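Following: one structure in structure tokens, then a few remarks.
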Amino acid sequence: MKILKETSLIITSFLLLLCACNTDNKSLNKQDKNDIMLSNVYGLAKRILENRADNFVFEQIGEENSADCFEISERNGKILIKGNNGISMASGLNWYLKNSCNAQFTVIDKQINLPDELPLPRTTERIQTKHKYRYFFNVCTFSYTMAWWNWEDWERHIDWMAMNGINLPLAITGQEAVWYEVYKELGFSDKQIGEFLVGPAYLPWGWMGNVDGLGGPLPKSWMENHKLLQQKILNRERAFGMTPILQGSTGHVPESLKELYPDATLHKTGNWSAGFGGTNFLDPADDLFKRIGKLFIEKQTEMYGTDHYYSADCFNEVNPDTDDTEFLANMSKSVYQSIAAADSQAVWVMQAWFLYYSINDFWKEPQSKALIGAVPDDKMIILDLYGELHPTWKKKSSFYGKPWIWNVLHNFGGRTSMSGKISDMASGLDEALKSPEKGNLCGIGMAMEYFGNNPVVEEFVMSMVWNKDVPDVKEWLSSYVSNRYGRENEFAEKAWEGMLTTVYNTHKQTGTFLCERPGFYNPEMSYRTSPIPDYDQKALGEALDNLFKCSDEFGNLETYKFDVVNLTRQYISPLAYNWIVELENAYKQKNLKTFLKVKEQFISLIQDFDVLLSTRKEYLLGIWLEDAKGWGETDEEKALYEWNARNLITLWGEECTENQYDDLNNYAYKQWAGMFSDYHLVRWNKFFDEVEKAMKNNESWDRTKFLESSCKWEKSWSHKKNLFPSIPAGDPVEVSKTISLKYAPFFK
């Protein structure tokens, strides 16, 4: 009878959820909301555990106004998990799976090989978090990680967020549909709107006012389909008890606004770091500023409902055209008031990245305080994005009384690297929590630009949500390894201890020089790939050897296969730097024989990267491109989305200059199968041909001419339509072992 009752509850709640679509669920009574919440928790358990979900019972604790908590106990031979909301119940399930079953559900993979009989709790265990807010996402994540996500991708990730206690997710998908409606009401033509809205891969920088029109025009089908996707996302997040952060207006407007409103007062920001010209924003004193901001919130609420939290970033990596404190105070006052005009309960959530990034030290104390201080303390939350390395709260007086959230940033541009100094993440939060100067610290979060390559980092940071104290890193890691592979193993522990002292003891995103624009190494340059490791390469090799020793026991686990490929990739990455130095020496010494020998090693390494990475779905260019094209409804749309997908991870912008670091070229480079064979290898072969020819003719190699031709080819690559595999090929463990053995002698 119990099972029938639960099944009926799920069906009934699902029907209620469908009726609640496109609203903020305020029309539902308390019992309906609770039924929907329980339905979602049972649905999550079924998705994660399949038939084993029948071993769990979930109930709500009637403690709505207390700190989030869950209880784990036993009832009639089943595991009973109680929580004060759906997030707490899902987190309780995750806690049980980790601590009682050596299981793991990470941001990218899972290992859930449960015992035949689940361990029953002997006593009731109660866990309570001390963090009011648990935030997730960076605005840029919506490009570098999630540009092409569909509902299946989002559903899994929302499950993961719920299981890790996230209650304040950034939820800004689909706002293009809102902006379209706003500008149509203001009298803009489709052409004018199309010239303003950016393409799918560049939406975050359109939202933050960095660029206009890049990668567009954005098709209406994209807007409509992502409107529907956003409604699904919000319904699911709200059903778990999350408070999604929607978007607010910052006054960033199309340049064509002056054609319709000639009396409007516009300001222009300084040039963005990518070499893009400044964008336009309305003067905060202009009546149109508040009119547009209010209209945006009204139309967004019609489409998506509201939970009263809004993201708005006025000056992300750009400076306003004046440092006048009164102007800056009026700017933030106007942003808030334009939101509050439509929602009196509005809370502005603002990234503090601009304070850390401060161009030419623009954001001095008076300017910072003016912008932040103009909004009431209870109406703004500050996100300190880079807490593990550059905690801004220390430099900006804990944000002058505003509530703020400590975050880990960790990854830039989706670059492929095993990295992240976990000890700093632990000590950074611990210091903030214990500091008498912490001000109104009210939460913890993660604001990475990409996730998918270092699940250990996300798992560690999220473990701090429910632990009473910041955990000891070494002790925590031992549990992580057992959960990752399902049981304890001496060599697995040694492997991860080795990683903890090398790749996870640095913030440096060490990649491979293979992914740089071809040329000899210049020590004066700061390369995107950071190709020289700042850890002991021998220790990393020993970690890989120890991981290989587990292959008989763990070789069938997806988590193990991913780790083996990932570590092998990281281990061989520095070879390209070593060999480019040898190649330059041979060039300078006019030693063609050595040059040709090392060249062949270099080319072989590029090819082997492709073979290695082809074994895992996480490293396939084909998936990225097919997912992009999958949103297109016409050949023209598919071509536009493919250009966006290709260009973002290569040139980034549309211009290409001879100085490789005065633009965003290569900022979001990828170590992916397909990229090596079709992109990196072609460029390097051209480089080798030119240098070899110069050596034979006793001439100097001309880098300037090479870069000019390389830029033309890079532009053309973004317009190509050739296909790449989207299904892995080869045995990940055997291929990793073969490649490791091949290149290990070069590190001795």
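Odds and ends about this structure:
- Within the range 695-712, the residues that satisfy the criterion of being touching a helix residue (DSSP H, G or I) at 6+ places or on another chain (Cβ under 7 Å) and either under 29 Å from Gln570 (Cβ atoms) or open to solvent by less than 70 Å² (accessible area, probe 1.4 Å) (or both) are Met695, Trp701, Phe706, Ser710.
- Qualifying residue in the range 679-692 (condition: under 24 Å from Trp149 (Cβ atoms) and assigned to a helix (DSSP H, G or I)): yes
- Which listed residue is crowded, with 24+ Cβ neighbours inside 10 Å and in contact with a helix residue (DSSP H, G or I) (Cβ under 9 Å, 6 or more places away or on another chain), from Gly420, Gly439, Gly413: Gly420
- Spans of helices (runs of 4 or more DSSP H) in the range 495-598 with at least 2 residues open to solvent by less than 10 Å² (accessible area, probe 1.4 Å): 537-548, 558-572, 575-588
- Test result for Asp153, open to solvent by less than 10 Å² (accessible area, probe 1.4 Å), charged (D, E, K, R) and either out of contact with any Asp or Glu (no Cβ under 7 Å at 6 or more places or on another chain) or assigned to a helix (DSSP H, G or I) (or both): no
- Selected residue (only one of Thr145, Thr123 is polar (S, T, N, Q) and in contact with an Asp or Glu (Cβ under 8 Å, 6 or more places away or on another chain)): Thr145
- Test: residue in the range 124-134 that is over 19 Å from Ile72 (Cβ atoms) and of a type in the set (A, V, I, L, M): no
- Lone unmet requirement of (1) open to solvent by 10 Å² or more (accessible area, probe 1.4 Å); (2) modelled with pLDDT of 95 or more; (3) not hydrophobic (A, V, I, L, M, F, W, C) for Gly83: (1)
- In the range 248-278, residue modelled with the lowest pLDDT [restricted to those that are touching a strand residue (DSSP E or B) at 6+ places or on another chain (Cβ under 6 Å), under 28 Å from Leu168 (Cβ atoms) and open to solvent by less than 10 Å² (accessible area, probe 1.4 Å)]: Gly251
- Subset of the range 713-748 that is open to solvent by less than 70 Å² (accessible area, probe 1.4 Å), more than 20 Å from Leu681 (Cβ to Cβ) and of a type in the set (A, V, I, L, M) - its residue that is modelled with the highest pLDDT: Val733
- For the condition open to solvent by less than 40 Å² (accessible area, probe 1.4 Å) and farther than 30 Å from Val564 by Cβ, Glu692 qualifies.
- Answer residue from the range 38-80, given it is touching a strand residue (DSSP E or B) at 6+ places or on another chain (Cβ under 7 Å), open to solvent by 20 Å² or more (accessible area, probe 1.4 Å) and part of a helix (DSSP H, G or I) and is nearest to Asn235 (Cα to Cα) among those: Leu38
- Within the option set Asp190, Asp212, being over 23 Å from the mean Cα position of the chain (by Cα) and within 22 Å of Asn644 (Cα to Cα) holds for one residue only, Asp190.
- Scanning the range 178-204 for residues that are open to solvent by less than 10 Å² (accessible area, probe 1.4 Å) and outside any loop (DSSP other than H, G, I, E, B) gives Val178, Val182, Tyr183, Ile193, Pro200, Ala201, Tyr202, Pro204.
- Test: Phe520 is of a type in the set (A, V, I, L, M, F, W, C) and under 18 Å from Lys670 (Cβ atoms): no
- Listed by first and then second residue, the pairs linking a residue in the range 105-121 that is at pLDDT 95 or above to a residue that is in a loop (DSSP other than H, G, I, E, B) and surrounded by fewer than 13 Cβ atoms within 10 Å (Cβ to Cβ), with Cβ atoms under 8 Å apart and 6 or more places separating them unless they lie on different chains, are Leu120/Gly77.
- Some residue of the range 87-102 being under 16 Å from Leu44 (Cβ atoms), at pLDDT 95 or above, touching an Asp or Glu at 6+ places or on another chain (Cβ under 8 Å) and basic (Lys, Arg): no
- Residues that are buried (at least 24 other Cβ atoms within 10 Å of the Cβ), among the hydrophobic types (A, V, I, L, M, F, W, C) and not in a helix (DSSP H, G or I) within the range 205-216 comprise just one, Met208.
- Residues in the range 605-617 that are open to solvent by less than 30 Å² (accessible area, probe 1.4 Å), of a type outside the set (A, V, I, L, M) and part of a helix (DSSP H, G or I): 3 in all.
- For Tyr400, the conditions (1) open to solvent by less than 20 Å² (accessible area, probe 1.4 Å); (2) at pLDDT 95 or above; (3) more than 28 Å from Glu71 (Cβ to Cβ) all hold with the exception of (1).
- Any hit, the range 454-463, residues being open to solvent by 10 Å² or more (accessible area, probe 1.4 Å) and either assigned to a loop (DSSP other than H, G, I, E, B) or at pLDDT below 95 (or both): no
The values are calculated or read from the model by the stated rules, or taken from the named source; none is laboratory data. Quick caveat: nothing in here was measured; it's all calculated off a predicted structure. All Cβ positions, even for glycine, are placed from backbone atoms using ideal geometry, and neighbour counts span all protein chains on display. Areas reflect the complete protein model, heavy atoms only, side chains present, ligands, DNA and RNA absent. Shrake-Rupley method; radii C 1.70, N 1.55, O 1.52, S 1.80 Å.
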